[in-house]
1. Counting Lys and Arg as +1 and Asp and Glu as -1, what is the net charge of the other residues whose Cβ lies under 11 Å from the Cβ of Ser266?
2. Dipole of the chain (Lys/Arg Cβ +1, Asp/Glu Cβ -1, origin at the Cα centre): which of Gly184, Gly371, Ser276 lies farthest to the positive side?
3. What is the spread of the Cα atoms of segment 222-360 along each of their three principal axes, largest first, in whole Å?
4. Rg and Dmax of segment 273-329, Cα atoms, in Å?
5. Taking R0 as 41 Å, what's the FRET efficiency between Asp322 and Asp151 from their Cβ-Cβ distance, rounded to 0.05?
6. What shape does segment 64-181 have by the C-alpha gyration tensor, where a ≥ b ≥ c are the square roots of the eigenvalues, rounded means a/c under 1.5, and otherwise prolate means a/b greater than b/c and oblate the rest?
7. What number does the chain give for Rg over Rh if you use C-alpha atoms and the Kirkwood radius?
8. Label segment 176-255 by shape, choosing from rounded, prolate and oblate, from the square roots a ≥ b ≥ c of the eigenvalues of the Cα gyration tensor; if a/c is under 1.5 it is rounded, and otherwise prolate applies when a/b is larger than b/c, oblate when it is not.
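The values are calculated or read from the model by the stated rules, or taken from the named source; none is laboratory data. Note that this is a predicted model, so its numbers are computed, not measured. Don't worry about glycine lacking a Cβ; one is built from the backbone with ideal geometry, like all the others, and counts go over all protein chains shown. Remember, those area values only see protein heavy atoms, side chains included, never the ligands or the DNA or RNA. Shrake-Rupley method; radii C 1.70, N 1.55, O 1.52, S 1.80 Å.
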Amino acid sequence: MSATSETTTTLGTSSSSNDTTTSADPPDSSEGLPEPSPLEQAARAEFTALTERGLPGALVGVHIADTPVLRLALGVADVESKAPMQLDMYMRTGSVAKLMVGHAALQLVASGSLDPDDTVDQYVPGVPNGTEISMRMLANHTAGLFNSIQDPFFRSQLNANPQLELTTTDLLDHAFSFPSAPPGQAFAYSNTNTIMLAEMARASAGLSLTELLESEVFSRYGTPSTGIPEDYRLPDPSPHGYRFGAQEGVVEYGDVFFDATDFGTSWTGAAGNLYSTLDDLLTLAKPLASGAGLPDEVRAELDQWVSDPADPSFRYSFCLQDFDGAVGHGGDVPGFSSFVAYAPSTDASVVVLTNLSNFADEWPSPAEQLGRRLLQAIEDDPPSP
């Protein structure tokens, strides 16, 4: 593929060219336009299949060797008005924020401010097992700290007040009121681990979370459209976000379709309370997932994998997921799902953002399903940068 493909598609309409980003043309308007690349065809086919299961819209981007080869805005931003998705829309990142927190921490390791073997108590007092929990354990989810979203009462509070604003202190006090598992013994995914990792990094650097991420990630790589929301609302422009929840509430899993646009994410703290754009995440995907630019001895932290006892195929290292050879992170919060990955074998960065957090009938998230299909399409027929 010799040129970047930029497209917006609404349900029932289609337009494709090298520089078009909006379209309201009828279906036959694509006559005379270049044939979509195999990668674009794969993206569109997978997206169409996922719309049949309730996916309204998606933003899709691919870089090969740091060169853009695909940027697509697919489907609708609002199921009522049928307004199309736009390439510049802000989306919630969910747990892709963990990738950024982990990278910020590793930058501090590179500068000598932190060591992966440092324990929590050296920086933050009052943490259960803080003398035994290392920075590395927080990053790879073997620290044993309780994950608050597992608490039915915590979820009931979110369901009752989707715009509830919770501070880091609120989140840690709640998590620490539950028993912790022995540190270093087993993988157990917990937002509390990443929140504590961010607290260690903040304390070491003497910065707020916003200042830390700005210094070590956003300014370093030039991503001005990524940040922490001021409240439950996303910046404009942004789509509506949707979720399949349950009668008990939005945050539960079920087959009830909710508009979760204004469901805030302060309850995730540093582990998920960020927004970003397609282009910013495409910029961040390779350096954050590969550790490019970090000293070799620091980058090696990304290669120390642990497995989930409940699913040995799920591998995790320093705030990093393994996607069958590609590496990165996925995320979902009510209304949105995200997928950011880098594949070393093809030098491909893949980003998918959707305005549906989950399907009623199957896991993984919509963004991960579409992202994995793109990785496979790239492996099968690598596009030219």
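1. Working: positive: none; negative: Glu165, Asp170, Glu230, Asp231.
Within the 11 Å Cβ shell, the charges total -4.
2. Gly184
3. The Cα atoms of segment 222-360 stretch 48, 38, 26 Å along the principal axes, largest first.
4. In Å, with Rg to one decimal and Dmax whole: 12.7, 35.
5. Rounded to the nearest 0.05, the efficiency is 0.90.
6. oblate
7. Working: Rg = 20.2 Å, Rh = 21.0 Å.
That ratio is 0.96, to two decimals.
8. Numbers: a/c = 2.53, a/b = 1.06, b/c = 2.38.
It comes out oblate by the Cα gyration axes.
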